[in-house]
Structure formats: C-alpha cells, structure tokens
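S.K.: Sending over a structure as structure tokens; questions will come in a sec.
The values are calculated or read from the model by the stated rules, or taken from the named source; none is laboratory data. Since we're looking at a predicted model, the values are computed, not measured. Neighbour counts are summed over all protein chains in view; Cβ atoms, including those assigned to glycine, are modelled from backbone coordinates with ideal geometry. The protein model used for the area step is the full one, side chains on, heavy atoms only, and it has no ligands, DNA or RNA in it. Shrake-Rupley method; radii C 1.70, N 1.55, O 1.52, S 1.80 Å.
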Amino acid sequence: MSVAVASPVDPLVAVAPASITESPAVPSMLPTGTEPLAAVHEAAADPATMLRTATTTASPEPIGPEPTLAPPDSPIERPATSPLPKFDHASNELRQRIRSASTNLPPTRTASAMSIGSARRERTVSSRRGSPFRARSSKLDLERLERDKEDFRGFFVLFWIGMGYYVALTVVNNWSSQGTVLGMQTFKLMFAHVFRMLRDDLTMVVSMSGAFVINLLFRYRILRHRAIRLVLHHAFQAVFLLGWLSWIWARDLAWMQTAFLTLHTMAMLLKNHSYLQVNGELNELWWEEKALKAELAKVDASTDDADAARERRNEIVEALDAIDHELQPGRVRYPNNLTPGNFVDYLVCPTLVYQLDYPRTTTIRWGYVAEKLLALAGTIMLMYITVEHYITPVLANLPNVTFVQALLQLLFPFMLCYLMVFYIIFECVCNGFAELSRFADRNFYDDWWNSSSFDQFARKWNKPVHEFLLRHVYLESITSYKVSKANATYLTFFFSSCLHELAMIMVSKRVRFYLFALQMFQIPLIWFGRLEWSRQHRVVGNAFFWFGIFAGPPLLAICYCWDYVMVDPSL
C-alpha cells in the first residue's frame, strides 16, 4: 500500500502566504499542499498598510475587464461599502482620543480591561482594514478564457485533448497486457468505508456549531470577560482538533479516507478560528459602542462647562465613527450576522477568513455547477489512472529498483497528479462551492506556473490559506504579541510546517519529519531568490522552480513508502 501518494492531496491546508508586496517568500520544492509561508517584506510600513494594498498588489495584473461571473442579465451584487472615516487609525492622537472616550464602560470592566479593550480595537482596525475580497473569476475558468480572449486559451483545449489520448493509450495497453480495462486496487482504496467516512465528515462539520454557540453567549452577555472568551475560544479549538484527529486515528480507515478527513478537519479548524476571532473582537467593539453612546447622552445633558463638554462630545463622536465603520463595513452590521443562516453560509463559502459581508453574484448558474461537476469527475478519472498504473506499481517495486530509477519513473506521473489535484481543488471544488454560495471572489490562485522564484509561487499558489495566515497568524503575532516581522514570518512558517507534518503523521501512522525537513530546507532558497542575479534571469528561475515542483512529490513518496516496502514489508 502506498502512503506517500497522499502527499499531492493536501492543498486545502497548503500554506503559501506572503507579503502583500513583491517580497521574497519561502520557496517550495514539495508536492501540492507543502508550500510553506512566504517571508513578509520587512520594509512594509505596518500591517494596516499591507492590507490596504491587498487588492492591488496581490493581483498585479487586472483579471480581464470589470469581472463578472454571471451572464449579462445577472449582474454581480457588491457589498455597499461605507466610506472610510476621515482620520488615520494609526494616529497616536486618535488612539488617545478613543482611549479617553472609552471611560464609561460596563461595570464588569475594570480600568485595566478598559485599556486592553482600547488596544484590542486598535489591533482590530489594523488587522482587518482593507478587505481583499472583490468580484473576479479564476484564471483557468473556461468562461473567463473565452470572455477575455486569452492568447493561450487554445493550450487549455490542447491539454484536455492530450489527456484524452493519455486515457485511451492506458486503456489499450492495459487490455493488451492484462485483459482488463483498468486496475481496481486504487478503486478499492478510494471507496473502502466511504459511507463511514462521509458520516464522520458530516458530523465533524456539524460539531463546528459550537463556535456559533460561543459567540451567542457573549452576544447576550451570558459570558462577559475577554479572558474568558479567549480561554473558551482556544479550548474549543483544541478539543475540536485533538478530538477529531483521535477519532480519525482510531477508525483505521484507508489512507485516502484518512487524508481527506484530516485535511478537511484542519480546514474547518482554520474557519473556526477566524469565525471566533473576528466575532469576538466585534463583540468587544459593540459593547464599547453602547458605553460610549451612554456617555454621549450624559454629556449632552450636562450643564457643566460648555467648551469642555463640546470637546468631549467631539472625541466621543469620533470614536463612535471609528467603531461604526468596524461594525458595519458593508451591508451587514454586527450583531445581525449572528444567525444560523450566516454561519452555514460561511461554512459553504470557499474562504478561510470570516468577514461580515462578501461580494456576491445574484443567481446560481446550475449549468456552471454541472460543468464543474463534469470537470471534477473527468479529472478524478485521469488521476485515478495515473496513480493506479504509473505510481502504485513503481512504489510497490521499490526493493527491486535503485533510488534514482524510482525517482525518474515517478517524476512525470507525480507532476500530472500535482496539476490535476490543483485543478480539482481550486478550479472545480472551490468554484463549485463559490457558485452554490454566490461567492463572487473566485481568485483562489494566481498564475503560479509563471513563477521565476519560489517566493512568487508561495504568493500565488493557495490564496485562501495565504489570506488566513497573513491575517490570523502573521499580523496577529505582530499586533497582539509584539513579535518582530522577521520572527512573525518564522513563526508562521513553523506553524505551516507543523500542520503539514501532522497531516503526514495521520496518513502514514508514523513520525518521520521528512516533509517538515524539506520545508525547512527551503529557507536557504529564500536567500537565493533574493539575489540580483536570480531576479535578472527569470527564465532560468522559472526552470529551477519547475525542477523543484517535478522533484519534490516523488522524493517525498519514496521517503514515506520506505517503511512500507523496505523496512517492514508486512505493512
């Protein structure tokens, strides 16, 4: 049984964040889902500045004309964004005004808690300012290729014609040599205990409703203190992750089912964190807004010094404006978002970052959904043929071939699997769920295939996880824990590496750290990508990038399969 074939099947937890600017990133010579974090540009002014430029520098080239994912008779709905306040959130003067305006807080909050709340609001404003979401389609979507008259759209058709020939040739060769159309070994692994897997997966998703309940407890002041919220937040996440991983481990499923459940659990964990974190911060702002409004009423009714009252009133109004922009950046205002419908909608949307509102399409195009389902089925069939006839036999025959021979035989099959898994996850699955949820921002990836360095690849490969790690790990560590930008980058990189290695531990049932070691090996390549010579020779850089993509997946496959076919053949 081949375990390492699972390595190209983990893009949902693939980690490829980077700075929003054109900064170097940790490169990748690993299979799909092993892209670690990009090093964030140390010259960036501050986290708020980075997020303000997200919608322009993260996607340097325009994606066709004004992006429309629906037909002309079905225009896109865009959130009605309110204008930005006419002040600088980063201003020390404003911080002092907001801090001084927040003196009349609920009785449960002490003076120290009041200062914490003010600092928390500053961090909230900085970390979420500048939504990266806007209506746009994915780069390889057939509708977009035709609409924008892409020069290379014919290669898209050529690829699928070549894949059809590839399937026909495999079927003919298999029939002539074995008398069967296709092998069935991989099929048995794919569908062994499939209904048990689906039941567990559905139960896992339902268990995420605990995050919704926690937010309601603080919404109605059943629980109040911020410290309690943080403890409950992290305790729920720890129980969710460890509980479900323990359950998956004990189920003794086939490695394919184990990989799917593990990766989906990790993706839901990231969604869980963003939902709790964002709503927890908004809840603090909401109660501070109530306290400020109560104080404003007292100031208006006061008969004391008119000048002092007027100055105090202006400070409170300015603070309320800042809070109001956070509580209602678009059409939805907190706490009106705390509904079961909004929570389910967030679970369905193909994003790991929660916010009150997203750009939406006006209708669901069921023909488009059917197109993605057909593409999904066809691509899975292609990947099945590749694994069954070109990967599994080589891995099973490892004792009889040299390391170099095995690596050479696996290079092209794994490259095909790499491309197909990318297409399945980011083009078929993400676009399908985006259409069902009317989620208009389909920019799940950029043109990573043109990368001339691994830092470019890290920025462009997996945009949903990139955005999560940028906001909730990198910026969180800087603004909340006062970590330097360099240390925040390494911390985020380490977090990414641990998640990937945890996934491989679950699949292989062994602790080997092969994937973790290869990710750490990429750190010196950051320096190489920053050299002036590398920047001037982009074709050479692109060739080196593709060499890493070719070599990484089979290398990991051989390493993780070594125990199964060499060390302990009984496995």
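S.K.: Please find, within the range 524-570, the residue that is modelled with the lowest pLDDT out of those that are of a type in the set (D, E, K, R) and open to solvent by 60 Å² or more (accessible area, probe 1.4 Å). Break it down into steps so the answer makes sense when it comes.
M.R.: Start the filter on the range 524-570 by keeping residues that are of a type in the set (D, E, K, R), which leaves 530, 532, 535, 538, 563, 568.
Imposing the further condition that a residue be open to solvent by 60 Å² or more (accessible area, probe 1.4 Å) reduces the set to 530, 532, 535, 538.
Numbers: Arg530: 74, Glu532: 79, Arg535: 78, Arg538: 81.
Of everything passing the filter in the range 524-570, Arg530 is modelled with the lowest pLDDT.
S.K.: Return yes or no: is Gln409 over 30 Å from Thr362 (Cβ atoms) and buried (at least 21 other Cβ atoms within 10 Å of the Cβ)? If you could, list the steps in order and put the result at the bottom.
M.R.: Working: over 30 Å from Thr362 (Cβ atoms): yes; buried (at least 21 other Cβ atoms within 10 Å of the Cβ): no.
No: the conditions fail for Gln409.
S.K.: For the structure I just gave you, tell me whether Phe494 is of a type in the set (A, V, I, L, M, F, W, C), touching a residue at least 40 places away in the same chain (Cβ under 8 Å) and either in contact with a helix residue (DSSP H, G or I) (Cβ under 6 Å, 6 or more places away or on another chain) or on the phi < 0 side of the Ramachandran plot (or both). Break it down stepwise before answering.
M.R.: Working: of a type in the set (A, V, I, L, M, F, W, C): yes; touching a residue at least 40 places away in the same chain (Cβ under 8 Å): no; either in contact with a helix residue (DSSP H, G or I) (Cβ under 6 Å, 6 or more places away or on another chain) or on the phi < 0 side of the Ramachandran plot (or both): yes.
So Phe494 fails the test.
S.K.: Residues of the range 408-424 being under 15 Å from Trp448 (Cα atoms) and in contact (Cβ under 8 Å) with a residue 12 or more places away in the chain, which ones? Steps first, please.
M.R.: First, pick out the residues of the range 408-424 that are under 15 Å from Trp448 (Cα atoms): 415, 418-423.
Those that are under 15 Å from Trp448 (Cα atoms) and in contact (Cβ under 8 Å) with a residue 12 or more places away in the chain: Met415, Tyr418, Met420, Val421, Phe422, Tyr423.
S.K.: Since Val473 meets every condition but one in (1) open to solvent by 70 Å² or more (accessible area, probe 1.4 Å); (2) at pLDDT 90 or above, which condition does it not meet?
M.R.: Of everything listed in (1) open to solvent by 70 Å² or more (accessible area, probe 1.4 Å); (2) at pLDDT 90 or above, Val473 misses just condition (1).
S.K.: Can you name the number of the only condition in (1) more than 23 Å from the chain's Cα centre (by Cα); (2) under 18 Å from Tyr384 (Cα atoms); (3) in contact (Cβ under 8 Å) with a residue 12 or more places away in the chain; (4) surrounded by 13 or more Cβ atoms within 10 Å (Cβ to Cβ) that Phe191 fails?
M.R.: So Phe191 meets the others, but not (3).
S.K.: What about Tyr514, is it within 30 Å of Met256 (Cα to Cα), free of Cβ contacts under 8 Å to residues at least 60 places away in the same chain and open to solvent by 60 Å² or more (accessible area, probe 1.4 Å)? Can you show your working first?
M.R.: On the way: within 30 Å of Met256 (Cα to Cα): yes; free of Cβ contacts under 8 Å to residues at least 60 places away in the same chain: yes; open to solvent by 60 Å² or more (accessible area, probe 1.4 Å): yes.
Spelling it out, Tyr514 is indeed within 30 Å of Met256 (Cα to Cα), free of Cβ contacts under 8 Å to residues at least 60 places away in the same chain and open to solvent by 60 Å² or more (accessible area, probe 1.4 Å).
S.K.: Restricting attention to the range 208-242, report how many residues are within 16 Å of Leu263 (Cα to Cα) and in contact (Cβ under 8 Å) with a residue 12 or more places away in the chain.
M.R.: 4
S.K.: Right, another one. Here are Phe454, Phe521, Phe495: which of them is open to solvent by 60 Å² or more (accessible area, probe 1.4 Å) and within 25 Å of Leu408 (Cα to Cα)?
M.R.: Working: Phe454 fails: open to solvent by 60 Å² or more (accessible area, probe 1.4 Å); Phe495 fails: within 25 Å of Leu408 (Cα to Cα).
Selected residue: Phe521, the only one of Phe454, Phe521, Phe495 that is open to solvent by 60 Å² or more (accessible area, probe 1.4 Å) and within 25 Å of Leu408 (Cα to Cα).
S.K.: Checking the conditions here, which among Leu253, Leu320, Leu292 is part of a helix (DSSP H, G or I), open to solvent by 10 Å² or more (accessible area, probe 1.4 Å) and of a type in the set (A, V, I, L, M)? Steps first, answer last, please.
M.R.: Numbers: Leu253 fails: part of a helix (DSSP H, G or I); Leu292 fails: open to solvent by 10 Å² or more (accessible area, probe 1.4 Å).
Checking each option against the conditions leaves just Leu320.
S.K.: Between Val421, Val401, Val429, which is within 17 Å of the chain's Cα centre (by Cα) and open to solvent by 20 Å² or more (accessible area, probe 1.4 Å)? Working first, answer last.
M.R.: Details: Val421 fails: open to solvent by 20 Å² or more (accessible area, probe 1.4 Å); Val401 fails: within 17 Å of the chain's Cα centre (by Cα).
From the options Val421, Val401, Val429, the qualifying one is Val429.
S.K.: Right, next: Out of the range 237-274, which residues are basic (Lys, Arg) and closer than 25 Å to Asn215 by Cα? Working first, answer last.
M.R.: At the first step, the residues of the range 237-274 found to be basic (Lys, Arg) are 251, 271.
Residue satisfying the conditions is Lys271 alone.
S.K.: Of all residues in the range 161-188 being touching a helix residue (DSSP H, G or I) at 6+ places or on another chain (Cβ under 8 Å) and closer than 18 Å to Met420 by Cα, which is surrounded by the fewest Cβ atoms within 10 Å (Cβ to Cβ)?
M.R.: Phe187
S.K.: Also: Quick one: Asn487 ticks every box in (1) over 18 Å from Ser274 (Cβ atoms); (2) of a type outside the set (D, E, K, R); (3) open to solvent by less than 30 Å² (accessible area, probe 1.4 Å) bar one, so which box is it?
M.R.: (3)
S.K.: So, one more: For the range 378-398, enumerate the residues that are closer than 19 Å to Ala168 by Cα and either open to solvent by less than 70 Å² (accessible area, probe 1.4 Å) or out of contact with any helix residue (DSSP H, G or I) (no Cβ under 9 Å at 6 or more places or on another chain) (or both). Give the steps one after another, and end with the answer.
M.R.: Going residue by residue through the range 378-398, those that are closer than 19 Å to Ala168 by Cα are 378-391.
Answer for the range 378-398, where residues must be closer than 19 Å to Ala168 by Cα and either open to solvent by less than 70 Å² (accessible area, probe 1.4 Å) or out of contact with any helix residue (DSSP H, G or I) (no Cβ under 9 Å at 6 or more places or on another chain) (or both): Gly378, Thr379, Ile380, Leu382, Met383, Tyr384, Ile385, Thr386, Val387, Glu388, His389, Ile391.
S.K.: Give the residue, chosen from His225, His234, that is under 21 Å from the mean Cα position of the chain (by Cα), at pLDDT below 95 and surrounded by fewer than 19 Cβ atoms within 10 Å (Cβ to Cβ).
M.R.: Values: His225 fails: under 21 Å from the mean Cα position of the chain (by Cα).
On inspection, the qualifying residue turns out to be His234.
S.K.: Let me ask another. Test of understanding: among Val167, Val205, which residue is more than 26 Å from Ile385 (Cβ to Cβ) and in contact (Cβ under 8 Å) with a residue 24 or more places away in the chain?
M.R.: Working: Val167 fails: more than 26 Å from Ile385 (Cβ to Cβ).
Just one listed residue meets the conditions, Val205.
S.K.: In addition: Of all the helices (runs of 4 or more DSSP H) wholly in the range 175-249, which have at least 1 residues that are farther than 24 Å from Trp287 by Cβ, out of contact with any Gly (no Cβ under 9 Å at 6 or more places or on another chain) and of a type in the set (Val, Ile, Thr)? Write out each step before concluding.
M.R.: Numbers: elements: 185-191, 194-207, 209-219.
In the range 175-249, 185-191, 194-207 are the helices (runs of 4 or more DSSP H) which contain 1 or more residues that are farther than 24 Å from Trp287 by Cβ, out of contact with any Gly (no Cβ under 9 Å at 6 or more places or on another chain) and of a type in the set (Val, Ile, Thr).
S.K.: Just a yes or no: is a residue in the range 344-355 open to solvent by 10 Å² or more (accessible area, probe 1.4 Å), touching a residue at least 40 places away in the same chain (Cβ under 8 Å) and over 22 Å from the mean Cα position of the chain (by Cα)?
M.R.: The answer is no, given that none of the residues of the range 344-355 is open to solvent by 10 Å² or more (accessible area, probe 1.4 Å), touching a residue at least 40 places away in the same chain (Cβ under 8 Å) and over 22 Å from the mean Cα position of the chain (by Cα).
Listed here are the residues, each with its yes/no results for (1) aromatic (Phe, Trp, Tyr); (2) in contact with a Phe, Trp or Tyr (Cβ under 7 Å, 6 or more places away or on another chain); (3) farther than 28 Å from Val213 by Cβ.
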site	(1), (2), (3)
Leu276	no, no, no
Asn279	no, no, no
Trp286	yes, yes, no
Lys290	no, no, no
Leu296	no, no, yes
Asp304	no, no, yes
Ala308	no, no, yes
Glu311	no, no, yes
Asn314	no, no, yes
